[in-house]
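Colleague: Pasting a structure below so you can have a look.
Since every read-out is calculated from the coordinates, none of them should be taken as a lab result. Nothing here was measured: the structure is a model prediction, and the numbers come from that model. Cβ atoms come from the backbone with ideal geometry, glycine included; neighbour counts cover every protein chain shown.
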Amino acid sequence: MTADAELTEDTFTRADFQKSAQFITGRTRHRPKVGLILGSGLAAVADRVSQADVIPYHEIPNFPVSTVPGHTGELVIGNLDGQALVVMRGRSHYYEGYSIQRVTLPVRVMRELGVETLIVTNAAGGVNVDYQAGDLMLITDHVNLVGMAGLNPLRGANDETLGPRFPDLTDAYDPGLREMARESAREQHLSLREGVYIMLAGPSYESGADVRFLRMIGADAVGMSTVPEVIVARHGNMRVLGLSLISNSLGMGHEKVTHEQVLDAGRSAIPKMAQVIDGVLRRL
Ligand code: HPA
């Protein structure tokens with residue numbers, strides 16, 4: 001294979017996931033049952049994890065290392081709200097040049113670690129005209145636009161010990177966890193939008209016509225991550241909760257989007273995001 005082909009396709013086997021998991025297990029005393037992936041600007045949500053063991057991604061076999069500012073690139077394993085959890089402080093994206101199999105490898109590794117519940121967060125553009133920057137959105141469902149074009153992390157031979165060949169994605173975002181997130185937001189007097197997340201490959205942001213199209217096909221928020229991770233998690237029968245921070249509005253005649261704006265919005269929403277997650281962890 002040429003170097004380019006290696007970037008676009010990777011073949012990992014269960015032994016690869018187990019190798020990464022064994023490396024992690026050797027570096028922490030915790031045995032996490034919950035995984036948390038923190039998106040753009042949200043890394044500080046992990047700061048409250050206690051008795052934390054921290055492992056930089058570049059030390060873990062096969063882990064993709066994020067090249068994007070705002071994605072710290074370390075695994076934080078410890079306790080929060082009575083749960084043992086493993087937190088990804090930053091993630092990698094397909095647009096960075098990693099294969100979709102490598103982007104989703106950390107989710108496979110979490111499953112090998114014994115994680116049963118995965119909480120995914122991201123920063124997203126608000127496609128729904130009612131959404132404003134700073135809103136939190138509970139992901140009720142997704143549109144896998146990149147998957148419709150052929151980019152699916154499950155492409156290739158299927159290992160039945162990881163999950164079925166044709167996994168079902170009805171209620172991919174667990175109804176029970178969604179209800180916990182609603183209760184958590186209500187209890188803390190936080191407003192929580194609910195909507196459909198759509199993934200585009202990025203890294204360019206959307207044109208005006210793109211946004212009108214996304215709105216037409218049922219999207220409320222758009223981003224460049226999350227969906228492949230959720231597919232892999234559901235393939236492995238993990239329960240999934242998804243939360244988007246609306247970092248910018250793509251409403252009628254939307255203004256230019258910058259990565260700095262996305263990161264700033266993420267940082268200012270950290271307390272709200274952390275509160276909703278706290279409430280969910282306490283209910284698990
Ligand atoms: N578009 C795509 N991804 C994003 C956006 C956006 O407007 N904001 C944050 N992530």
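Colleague: How much net charge surrounds Asp53 when only the other residues with a Cβ under 9 Å from the Cβ of Asp53 are counted, with Lys and Arg +1 and Asp and Glu -1?
Modeller: Taking every Cβ under 9 Å from that of Asp53, the sum is +2.
Colleague: Still on this structure, please answer the following. Based on Cβ point charges of +1 for Lys and Arg and -1 for Asp and Glu, what charge dipole magnitude is obtained for the chain about its Cα centre, in debye rounded to the nearest 20?
Modeller: Numbers: 27 positive and 33 negative charges, 115 e Å.
Computed charge dipole of the chain: roughly 560 debye.
Colleague: Rounded to the nearest 500 deg cm²/dmol, what is the calculated helix-only ellipticity per residue at 222 nm for the chain, with -39500 (n - 2.57) per DSSP H run of length n ≥ 4?
Modeller: Rounded to the nearest 500, it is -9500 deg cm²/dmol.
Colleague: Most exposed first by the Cβ proxy, i.e. fewest other Cβ within 10 Å, how do Glu74, Glu160 rank? Intermediate values should be presented prior to the final figure.
Modeller: Details: Glu74 21, Glu160 7.
Going from least to most buried by this count: Glu160, Glu74.
Colleague: Under 20 Å between alpha carbons, and skipping anything fewer than 8 positions from Lys33 in its own chain: which aspartates and glutamates qualify?
Modeller: Of all the aspartates and glutamates, those that pass the test against Lys33 - Cα under 20 Å, at least 8 places apart if same chain - are Asp47, Asp53, Glu74, Asp81, Glu112, Glu116, Asp174, Glu179, Glu229, Asp278.
Colleague: Sticking with this structure for a sec: More than 11 angstrom separation, counting every C-alpha pair in the stretch 162-207; what % is that?
Modeller: I get 78 percent for the Cα pairs in the stretch 162-207 exceeding 11 Å.
Colleague: May I pose another question? Sorting His30, His58, His189 on the 10 Å Cβ count, fewest up front, what's the list? The partial results should precede the final answer.
Modeller: On the way: His30 18, His58 10, His189 7.
The most exposed by this proxy come first: His189, His58, His30.
Colleague: Using only Cα atoms, what is the ratio of the radius of gyration of the stretch 51-186 to 2.2 N^0.38 Å? Display every interim value, and only then the final one.
Modeller: Values: Rg = 16.4 Å, N = 136, 2.2 N^0.38 = 14.2 Å.
Scaled against compact globular proteins, the figure is 1.16.
Colleague: Determine by what factor the alpha-carbon radius of gyration of the chain differs from 2.2 N^0.38 Å, reporting the quotient.
Modeller: With N residues counted in the chain, Rg over 2.2 N^0.38 Å equals 0.93.
Colleague: Then there is this: Of Ser184, Ser92, Ser247, how do they rank once you tally other Cβ atoms within 10 Å and put the fewest first? Walk me through the numbers on the way to the answer.
Modeller: Working: Ser184 20, Ser92 24, Ser247 29.
Going from least to most buried by this count: Ser184, Ser92, Ser247.
Colleague: Still on this structure: At 0.36 nm per residue, minus the direct Cα-Cα distance, what do Met216 and Asn152 gain on full extension? Give it in nm, one decimal, please.
Modeller: So the extension gain works out to 20.7 nm.
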